[in-house]
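Read the structure below first, then the notes.
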Amino acid sequence: MLELRNLTVHYGQKRVVDDVDLALAPGRTLGLAGESGSGKSTVAMSVLRLLPRTARVDGQVLLDGEDVRTMSWGRLRAVRWASASVVFQGAMHALNPVRRVGEQIAEPMRLHGTPGSVAELLEQVELPRHKARAYPHELSGGQKQRVMIAMALACGPRLVIADEPTTALDVVVQAQVLALMTRLVAERDLALLMISHDLSVLAQTCEDLAVMQHGRLVERGRTREVVANPRHPHTAALTAAFPVIGDRRHRWAEPRPAPEPLLRVRDLVVDYGRTRAVDGVDLTVGHGEVVALVGQSGSGKTTLARTIMGLRRPSSGRVIFDGAEVPRGGRALKAFRRQVQLVLQDPSSALNPRHTVFEAVAEGLRVHGLREDEEALVTAAVERAELRPASLYLRSLPHELSGGQQQRVVIAGALVLRPRLLVADEPVASLDASVRGEVVALLLRLRRELGLASLLITHDLGLAWQIADRVAVMHQGNIVEQGPAEEVLLTPAHDYTRALLAAVPVLGPPATG
Amino acid sequence: MRLLGRAGGAALSLLMVAVLGFFLFRVVPGDPVVSMTRGRPTTPETQAALRAQFGLDLPLHEQFFRYFTSLLRGDLGTSFTFRRPVAEVVLERLGPTLLLVGTSTVIAVALGLWLGVLAAWRRGSAFDRVTTGVSLTLWAVPTFWLGMLLMMVTGDFFPSRGMRDTDTAPDFLSQALDVGHHLVLPSITLVAVVCAEYALVMRSSLLEELHAPYLTTARAKGLRDDLVRRRHAVPNAVLPAITLVFLRFGLVVSGAITTETVFSWPGLGLLFYDALTGPDYFLLQGLLVVTAGAVVVMNLLADVLHGVLDPRVKVV
């Protein structure tokens with residue numbers, strides 16, 4: 001069906017894919033794993049010759065025995081989508097924002113003269129027919145991904161390439177989308193090439209697994225065997241980086257006595273117009289305690305965090321920090337904000353691209369009028385965030401740093417104000433597995449050395465298992481369950497917590513053999 | 001809801017324009033009566049009579065009340081250089097301006113957007129480099145200089161003054177041909193300048209979209225390159241240009257002061273120039289209200305159209 005022979009791709013002098021051989025038989029499923037920059041997406045895009053003109057492709061890309069590299073443009077256009085289609089990361093901007101999704105699904109059918117109806121395709125991906133008239137922004141992330149899948153199936157291809165199809169979706173929706181893909185691939189006897197940085201996602205969907213590192217294929221085999229007995233150290237590192245809930249070795253938080261409360265939220269209600277985002281929440285974070293607030297997107301966890309930080313006014317209820325009510329404005333609110341600092345998910349957009357590390361970290365000091373010893377304070381914070389020696393990084397601009405280093409800069413910017421509570425919104429979600437572990441360890445070390453408390457907002461239950469002392473589960477504006485991490489994650493009392501846990505992909509053989 | 005808010009905002013802007021128009025010409029130095037009677041021997045009595053005639057002897061708030069109520073009736077006061085109502089003078093000049101600036105703008109927008117799209121799509125090519133280079137040059141060159149250069153280069157081939165010759169036959173066809181003949185040079189000047197602006201704006205707007213993932217989706221579907229551009233890239237890239245296009249349409253009414261002056265085109269731009277040399281305060285005041293009002297209205301239209309073209313913007 002698909003065969004890559006000695007595939008090598010250069011961008012200028014840089015070799016991003018290095019001598020890759022892969023084969024995929026009809027009806028088989030192959031997962032391609034790797035971290036960002038490993039070349040996995042470049043491999044996927046080379047199949048339909050979708051790489052930018054600056055890329056130089058050598059080797060052979062055989063689709064049904066025909067080399068894609070030497071096809072005429074007309075032949076290539078005929079092959080695209082009809083022989084092989086792509087499921088892009090639909091939650092991002094893979095759909096045209098100004099056209100109805102129905103038109104976008106119908107477009108390749110008209111182009112390739114395939115019979116069929118949009119309504120039927122939507123039914124197959126379990127979306128109501130009337131969604132054809134919707135624009136992408138009117139759909140949720142999961143619905144957009146379903147539209148992408150419907151679109152990929154429109155011309156009845158025999159090969160589907162899925163590029164990070166569930167990244168940016170929360171666990172429950174991810175599980176639904178994966179189940180849908182698995183079902184459709186089996187029903188239609190499709191060959192599937194799935195690309196992901198998440199080994200557990202691939203382990204659930206694919207019979208075979210290939211792992212890439214620095215443009216090279218380092219391991220390939222049956223998924224079951226690769227996951228159970230990784231032969232290459234990089235594969236081993238990737239499998240080990242995934243926290244397994246219930247595995248003691250992955251639980252890094254030490255048991256400690258219940259601390260004095262630092263932050264107390266009492267019966268908090270927050271409304272957005274007529275929508276009630278937070279509906280009577282009680283939550284406590286102790287001195288030096290790490291509390292994970294878990295839930296799906298739209299559960300109200302980010303609104304709760306914003307209200308705690310004094311960025312939104314509650315409709316009713318109280319937020320008490322260190323024994324005093326959080327001020328509603330003026331100087332007192334500013335002083336409070338200094339003690340509570342925020343770390344956002346995506347460091348590349350949280351940092352101003354034109355500010356050096358020094359300026360990014362010093363900004364907080366300047367806002368709060370702490371101009372003395374600026375240099376010393378910034379250096380200390382940067383080193384605290386484990387960018388050592390600080391002098392190497394202070395003059396750098398964000399784009400010169402890796403994702404992990406950028407996130408450390410964001411953390412340094414929070415630390416420089418000597419806060420007592422860190423509110424971290426998905427702090428490791430955009431990081432590669434290997435870097436993720438280091439940042440998680442950093443958060444724990446800060447707690448140990450500075451007594452810094454953290455409120456961790458995440459949909460990643462594995463992260464909660466790794467470092468949280470306590471876990472609060474949020475669902476539709478309510479906290480449905482909270483308690484010590486081991487209790488909540490190992491013996492969940494609420495149905496919703498059980499549903500969340502069931503949706504977490506685990507490393508193991510695919511569900512459908 | 002949003003539309004209502006926008007309309008309210010526009011109404012407020014119009015009100016501000018009316019108020020500003022009144023006070024702006026009351027705080028500028030110089031006595032209108034002195035400039036009215038410049039070069040003629042006057043007595044204090046005739047000056048007083050003129051003041052009374054134009055209501056300049058009344059207290060400021062009464063002047064404003066008179067001005068505002070007559071403005072609501074569509075009366076913009078009386079021009080003292082033309083000795084006729086301002087509204088009448090403005091209306092008379094509106095036709096020629098719409099003809100010249102309107103046609104030029106429509107051509108310039110269409111041509112500019114098209115050139116910008118092609119330049120961005122073939123970025124780095126010879127076509128792109130030439131288009132961008134020429135556009136930048138045309139944009140930087142002073143309009144009057146370009147106009148004068150065109151006059152010199154074309155010699156007597158195209159008329160360079162006014163809108164029609166006095167000795168043309170009175171039938172419609174000859175008149176239309178004559179006006180068209182006169183229209184050539186000023187409209188080329190205008191198109192060159194305005195079109196350059198649009199080419200550059202559209203080019204940078206489309207360059208922003210070129211790496212959008214949905215374009216990769218479109219290519220993967222097997223769409224031809226020009227379909228990817230027409231169906232997917234341009235509808236997104238044109239959105240930021242819409243506001244600019246309509247701002248330009250709003251400015252059509254104010255005419256092109258330099259172009260009309262250089263070519264003596266009897267439009268609002270030339271009228272502006274004449275009113276300034278007067279200075280004819282009431283005429284300037286009237287022109288300001290009319291042209292600023294046109295910009296406000298066009299901006300409102302741009303907002304509405306943006307809502308129609310971009311489903312992410314809620315119109316109602």
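Only one entry in A:T235, A:T302 is in contact with a strand residue (DSSP E or B) (Cβ under 9 Å, 6 or more places away or on another chain) and closer than 30 Å to A:L22 by Cα, namely A:T235.
A:D21 meets all of the listed conditions (1) part of a loop (DSSP other than H, G, I, E, B); (2) surrounded by fewer than 19 Cβ atoms within 10 Å (Cβ to Cβ) but one, namely (1).
Summed over segment A:147-172, the residues that are assigned to a helix (DSSP H, G or I) and of a type in the set (V, I, T) give a count of 4.
So for segment A:64-87 (the condition being under 23 Å from A:V173 (Cβ atoms) and more than 9 Å from every other protein chain (Cβ to nearest Cβ)), does at least one residue qualify?
Here is the first cut: in segment A:64-87, the ones under 23 Å from A:V173 (Cβ atoms) are A:85-87.
Retained after the next criterion (residues that are more than 9 Å from every other protein chain (Cβ to nearest Cβ)): A:87.
The answer is yes, given that some residue of segment A:64-87 is under 23 Å from A:V173 (Cβ atoms) and more than 9 Å from every other protein chain (Cβ to nearest Cβ).
Checking each residue in segment A:294-337 for being crowded, with 16+ Cβ neighbours inside 10 Å and closer than 20 Å to A:G451 by Cβ picks out A:I308, A:M309, A:F321, A:F336, A:R337. Tell me whether segment B:118-141 contains one or more residues that are under 23 Å from B:G267 (Cα atoms) and of a type in the set (S, T, Y). No, every residue in segment B:118-141 fails to be under 23 Å from B:G267 (Cα atoms) and of a type in the set (S, T, Y). One residue stands out in segment A:124-141 among those that are assigned to a helix (DSSP H, G or I) and touching a residue at least 40 places away in the same chain (Cβ under 8 Å): the one that is nearest to the other protein chains (Cβ to nearest Cβ), namely A:H137.
Please verify whether segment A:111-123 includes one or more residues that are touching a helix residue (DSSP H, G or I) at 6+ places or on another chain (Cβ under 8 Å) and either among the hydroxyl-bearing types (S, T, Y) or facing chain B (nearest Cβ under 9 Å) (or both). Yes, the conditions are met somewhere in segment A:111-123. Taking first residues from segment B:101-130 that are among the acidic types (D, E) and partners that are outside any helix (DSSP H, G or I), the Cβ contacts under 7 Å between residues at least 6 apart in sequence or on separate chains come to B:D128/B:R122. When segment A:332-366 is examined, which residues are found to be small (G, A, S) and more than 22 Å from the chain's Cα centre (by Cα)? Matches in segment A:332-366: A:A332, A:A335, A:A360, A:A362, A:G364.
Sort through A:G215, A:G221 and tell me the only one that's under 25 Å from A:V17 (Cβ atoms) and surrounded by fewer than 21 Cβ atoms within 10 Å (Cβ to Cβ).
Values: A:G215 fails: surrounded by fewer than 21 Cβ atoms within 10 Å (Cβ to Cβ).
Residue meeting the stated conditions: A:G221.
Put simply, of B:F80, B:F144, B:F68 the only residue that is at pLDDT below 90 and crowded, with 18+ Cβ neighbours inside 10 Å is B:F80.
Name every residue in segment A:52-61 that is surrounded by 13 or more Cβ atoms within 10 Å (Cβ to Cβ) and either modelled with pLDDT under 90 or small (G, A, S) (or both), in order of residue number. Once the filter is applied, which keeps residues that are surrounded by 13 or more Cβ atoms within 10 Å (Cβ to Cβ) and either modelled with pLDDT under 90 or small (G, A, S) (or both), segment A:52-61 yields A:A55, A:G59.
Let's see how each residue does on (1) part of a loop (DSSP other than H, G, I, E, B); (2) under 26 Å from B:G307 (Cα atoms); (3) within 14 Å of chain A (Cβ to nearest Cβ); (4) hydroxyl-bearing (S, T, Y):
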| site | (1), (2), (3), (4) |
| --- | --- |
| B:R229 | no, yes, yes, no |
| B:T243 | no, yes, no, yes |
| B:L247 | no, yes, no, no |
| B:E260 | no, no, no, no |
| B:L276 | no, no, no, no |
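The set of residues from segment B:179-224 being within 14 Å of chain A (Cβ to nearest Cβ), in a helix (DSSP H, G or I) and more than 22 Å from B:A110 (Cβ to Cβ) comprises B:P213, B:Y214, B:L215, B:T216, B:T217, B:A218, B:R219, B:A220. Give the residues of segment B:26-84 that are of a type in the set (D, E) and over 18 Å from B:L284 (Cα atoms), sorted by residue number. Across segment B:26-84, the qualifying residues are B:E45, B:D57, B:E62.
Pairing residues of segment A:62-80 that are surrounded by 15 or more Cβ atoms within 10 Å (Cβ to Cβ) with residues that are of a type in the set (D, E), at Cβ distances under 8 Å and at least 6 apart in sequence or on separate chains, gives A:L62/A:E3; A:V79/A:E66.
So, B:A176, is that one over 21 Å from B:D128 (Cα atoms), assigned to a helix (DSSP H, G or I) and within 12 Å of chain A (Cβ to nearest Cβ) or not?
Details: over 21 Å from B:D128 (Cα atoms): yes; assigned to a helix (DSSP H, G or I): yes; within 12 Å of chain A (Cβ to nearest Cβ): no.
It is false that B:A176 is over 21 Å from B:D128 (Cα atoms), assigned to a helix (DSSP H, G or I) and within 12 Å of chain A (Cβ to nearest Cβ).
As a summary of the residue check, A:P108 satisfies the conditions (1) in contact (Cβ under 8 Å) with a residue 40 or more places away in the chain; (2) within 8 Å of chain B (Cβ to nearest Cβ); (3) not in a helix (DSSP H, G or I) except for the one numbered (3).
The values are calculated or read from the model by the stated rules, or taken from the named source; none is laboratory data. These figures come from a predicted structure and were not determined experimentally. Every residue, glycine as well, gets a Cβ built from its backbone with ideal geometry; the counts of neighbours run over all protein chains shown.
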